Amino acid sequence: MTKNVLVTGCAGFIGFNLSKTLIKENHNVYGIDSLNSAYDKKFKELRLQKLESEGNFHFSNNDLSNEDSLNEIIDIDIVYHMGARAGVRQSFNDPLSYIKDNTIATTNVANFCKKNDISKMILASTSSIYGNSGEKEMVEDIDEKINPPSIYASTKLSGETLAKTILSSQNTNLIITRFFTVYGPYGRPDMSILRFIHWIMENKEVKIFGDGEQRRSFTYVTDVIDLLIKVQGCDSDETFNVGNNITSSLNEVINIIENFSNKKANIVNEPRAFRDPDVVLPSLLKSKNVLNWEPKTNIEDGIKSTIDWYSSFQDKIKNFTYIN
């Protein structure tokens, strides 16, 4: 059945890929994005250009931190709130922008769902709220023990809490999805895999913050979109980890890129980022048991696909900015 779906952050990496999939499934997608400057806007413009070439897509350039930004949106069945200001390191330099774009914007979207009796609000959150997991898997039901290590993580967790409070006595199902280091075609240029691909393919210095042994749950974007579609069938308030339970180090990622690109990385080690965790490892037990979801894409296949995409757009995107 065709639905009217609101996707905030539609020009962002995950919001864009989600919007493409929803359009292919013949839903009417109403996209909102402020096209902010958290990273090079040219990436967002490239994604938006692709979406606007599709049918069933309607775009509004609006800042969700403004209370009236959603006034013109009507007759929505499901809300995917993917919009946010991302970036851990940058959040320490500009906390007010993160409060505005993450906490206040999420409050406004939750109030929109409450006012319009929307059946489902799917809220994008982040593994950053967990901090350093060590060798333990991060589990969704330990909220009372969470101590966010960054301004970014704090604003995202605040958004979760406010959305829960606003919608607690409503008919809206609130489904929170905590993403773990998502990568793939049309990715974010401030995140490691696309940044490393760009630097290696363009024979530039490859900057690593630390020794490169920190491990991450790199998660391919199509696996993430698969879960986001599955949660439409979830009829209760839930929180899900969306990640990969096989971690890879930054050094391992660089070796894979070298192998597929036939180029050697010129590595420069920079000081380790403030409060950068050593290991980020999700528990996927709940996602598997409730949604029958597990990631399907291994790191080698995902990186190869991302390199192939970069190569096809190389002339257009090689001069974009790849770190903020």
Could you grab me the full set of residues in the stretch 212-245 that are in a helix (DSSP H, G or I) and not hydroxyl-bearing (Ser, Thr, Tyr)?
VAL221, ASP223, VAL224, ILE225, ASP226, LEU227, LEU228, ILE229, LYS230, VAL231, GLN232, GLY233
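When the residues of the stretch 181-211 are narrowed to those that are aliphatic (A, V, I, L, M) and not in a loop (DSSP other than H, G, I, E, B), which ends up nearest to ASN17 (Cα to Cα)?
Ranking the qualifying residues of the stretch 181-211, first place goes to VAL182.
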Search result, residues across the stretch 286-312 that are touching a residue at least 60 places away in the same chain (Cβ under 8 Å) and either of a type in the set (Val, Ile, Thr) or farther than 16 Å from THR222 by Cβ (or both)
LYS286, ASN292, THR297, ILE299, ILE303, THR306, ILE307, TYR310, SER311
From the list LEU46, LEU18, LEU64, LEU6, which residue is more than 23 Å from TYR152 (Cα to Cα), touching a residue at least 40 places away in the same chain (Cβ under 8 Å) and surrounded by 21 or more Cβ atoms within 10 Å (Cβ to Cβ)?
LEU6
Give the residues of the stretch 152-196 that are under 22 Å from GLY15 (Cα atoms) and of a type in the set (A, V, I, L, M), sorted by residue number.
ALA153, LEU157, LEU162, ALA163, LEU174, ILE175, ILE176, VAL182, MET191, ILE193, LEU194
Can you find a residue in the stretch 278-287 that is farther than 28 Å from THR165 by Cα, crowded, with 16+ Cβ neighbours inside 10 Å, in contact with a Gly (Cβ under 8 Å, 6 or more places away or on another chain) and of a type in the set (D, E, K, R)?
no
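Among the residues of the stretch 60-81, which ones are outside any loop (DSSP other than H, G, I, E, B) and either among the acidic types (Asp, Glu) or closer than 27 Å to CYS234 by Cα (or both)?
ILE78, VAL79, TYR80, HIS81
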Out of the residues in the stretch 69-89 meeting the condition of being farther than 30 Å from PRO148 by Cα and of a type in the set (D, E, K, R), tell me which one is surrounded by the most Cβ atoms within 10 Å (Cβ to Cβ).
ASP77
Which one of the conditions (1) assigned to a helix (DSSP H, G or I); (2) at pLDDT below 95; (3) not polar (S, T, N, Q) does LEU48 fail to meet, given that it meets all the rest?
(2)
If ILE129 meets every condition in (1) at pLDDT 95 or above; (2) under 19 Å from the mean Cα position of the chain (by Cα); (3) buried (at least 21 other Cβ atoms within 10 Å of the Cβ) apart from one, which number is that one?
(1)
Condition first: open to solvent by 40 Å² or more (accessible area, probe 1.4 Å) and part of a strand (DSSP E or B). Can you find one or more residues in the stretch 158-165 that meet it?
no
Looking only at residues that are assigned to a helix (DSSP H, G or I) and not polar (S, T, N, Q) in the stretch 21-43, which one is most open to solvent (accessible area, probe 1.4 Å)?
LYS24
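The values are calculated or read from the model by the stated rules, or taken from the named source; none is laboratory data. All values reported here derive from a predicted model rather than from experimental measurement. A quick note on method: Cβ atoms are made from the backbone with ideal geometry, for glycine too, and the neighbour counts reach across all protein chains shown. Ligands, DNA and RNA are stripped out before the accessible areas are found, and what is left, the full protein with its side chains, is counted by its heavy atoms. Shrake-Rupley method; radii C 1.70, N 1.55, O 1.52, S 1.80 Å.
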